[in-house]
Amino acid sequence: MSVQSAPATGIAPAGTTTKPQPSSTALAGGATGADEPAATRGRTSIADVVVVKVAGVAAREIPGVHAMGGGLSRTIGAVRDRVPGGRSNVGRGVKVEVGERQTAIDLDLVVEYGVPIADLARDVRENVIDAVERITGLEVVEVNVAINDVHLPDDEDGTPETTSRVA
């Protein structure tokens, strides 16, 4: 007995609705049939949010990274972190583009004062590439690192105090 499915047309049958699916990419196209090896039966897809989280965790593992994200996203994140039951957003400061077999990653970082920025950026890049390629199997084509701020030892919230030069 043979099972056949209708060809995918991208159009839902009459009387049905479709929900938008989260952005994901097919990592491996699989073959079908009992005569195929088990490892190749089916398809694997990886959602963009997976790459965002893996990259975010990997970047934060590097000593000298104080926080991630731009000023507004850090402020909103700090409020969210203080709400009881709230979880920190490991994807803050991470943007990705994911294709079929490759991904590109942009990171916004706040570094600790005194840490050599070029060395930190290199270490972050290496750790992110290693983690994303190892965990997802996607090839990382680039990791762009933007340093948005420097955390000074006397800063409590990561933003420098502004004082007037005139009285």
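The values are calculated or read from the model by the stated rules, or taken from the named source; none is laboratory data. Note that the structure is a prediction, hence the values are computed from the model and not measured. Positions of Cβ are generated from backbone atoms using ideal geometry, with glycine treated the same way; all protein chains shown enter the neighbour counts. All accessible areas refer to the heavy atoms of the entire protein, side chains included, with ligands and DNA or RNA removed. Shrake-Rupley method; radii C 1.70, N 1.55, O 1.52, S 1.80 Å.
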- Task: State whether the residues of the range 96-104 include one that is surrounded by fewer than 19 Cβ atoms within 10 Å (Cβ to Cβ), touching a Gly at 6+ places or on another chain (Cβ under 8 Å) and either at pLDDT below 95 or not in a loop (DSSP other than H, G, I, E, B) (or both).
- Result: no
- Only unsatisfied item for Gly77, checking (1) among the small types (Gly, Ala, Ser); (2) surrounded by fewer than 17 Cβ atoms within 10 Å (Cβ to Cβ); (3) modelled with pLDDT under 65, is (2)
- Residue that is surrounded by 13 or more Cβ atoms within 10 Å (Cβ to Cβ) and either touching a Ser or Thr at 6+ places or on another chain (Cβ under 9 Å) or at pLDDT below 85 (or both), where the choices are Val57, Val50: Val50
- touching a helix residue (DSSP H, G or I) at 6+ places or on another chain (Cβ under 8 Å) and at pLDDT 75 or above - does that describe any residue in the range 31-40? no
- Message: Considering only residues that are in a strand (DSSP E or B) and touching a His at 6+ places or on another chain (Cβ under 7 Å), which ones fall in the range 105-130?
- Response: Val110, Val111, Glu112
- Message: What pairs come out if I take residues in the range 105-121 that are touching a residue at least 12 places away in the same chain (Cβ under 8 Å) and pair them with residues that are part of a strand (DSSP E or B) and among the basic types (Lys, Arg) whose C-beta lies under 9 Å away, six or more apart or interchain?
- Response: Ile105/Lys95; Asp106/Lys95; Leu107/Lys95; Asp108/Lys95
- Working only within the range 120-132, note down all residues that are open to solvent by 70 Å² or more (accessible area, probe 1.4 Å) and farther than 10 Å from Val145 by Cα. Glu126, Asp130
